[in-house]
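Just so you know, all these numbers are worked out from the coordinates, no wet-lab data involved. Since the structure is predicted, the reported quantities are computational estimates derived from the model, not experimental observations. Positions of Cβ are backbone-derived with ideal geometry, glycine not excepted, and every protein chain shown enters the neighbour counts.
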Amino acid sequence: MNELKDIIYNCRKATFLIEKKQLTALTFKERVELRIHLTGCSFCRLFQKQSIGINKMIYALFHSAADRELKLDDDYKKQLQKRIEEKLDNN
């Protein structure tokens, strides 16, 4: 019975399992513990929804940036080249 209380009232462990679940597979025991905790804890259910949403946004942000090819503006390149040449001429 004491072990069940530890599962039900341990939000720190539940949030750890929520984050772990998004990275790797949970063991059977961990899945059961998390499910029991989420059944009675609305705060951790909300945390789980928010965490999943944040992870999806971060994933989309990094993958969309990787798909874009970033290039310097031609005018900026010319100005940079001019500044480099000026510095070389001064030395």
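For Ala60, the requirement of being out of contact with any Pro (no Cβ under 9 Å at 6 or more places or on another chain), touching a residue at least 24 places away in the same chain (Cβ under 8 Å) and either surrounded by 13 or more Cβ atoms within 10 Å (Cβ to Cβ) or part of a helix (DSSP H, G or I) (or both) is not met. Just one of the listed residues (Phe16, Phe28, Phe43) is surrounded by fewer than 10 Cβ atoms within 10 Å (Cβ to Cβ) and hydrophobic (A, V, I, L, M, F, W, C), and it is Phe28.
For the stretch 1-13, taking the residues that are closer than 17 Å to Gln48 by Cβ and basic (Lys, Arg), the one that is surrounded by the fewest Cβ atoms within 10 Å (Cβ to Cβ) is identified as Arg12.
Summed over the stretch 47-64, residues that are among the hydrophobic types (A, V, I, L, M, F, W, C) and farther than 20 Å from Thr15 by Cβ total 3. Of all residues in the stretch 1-25, those that are within 15 Å of Leu38 (Cα to Cα) have Cβ atoms under 9 Å from Cβ atoms of residues that are surrounded by 13 or more Cβ atoms within 10 Å (Cβ to Cβ) and polar (S, T, N, Q), 6 or more apart or on another chain, in Ala14/Gln48; Thr15/Gln48; Thr15/Ser51; Ile18/Gln48; Ile18/Ser51; Glu19/Ser51; Glu19/Asn55; Lys21/Gln48.
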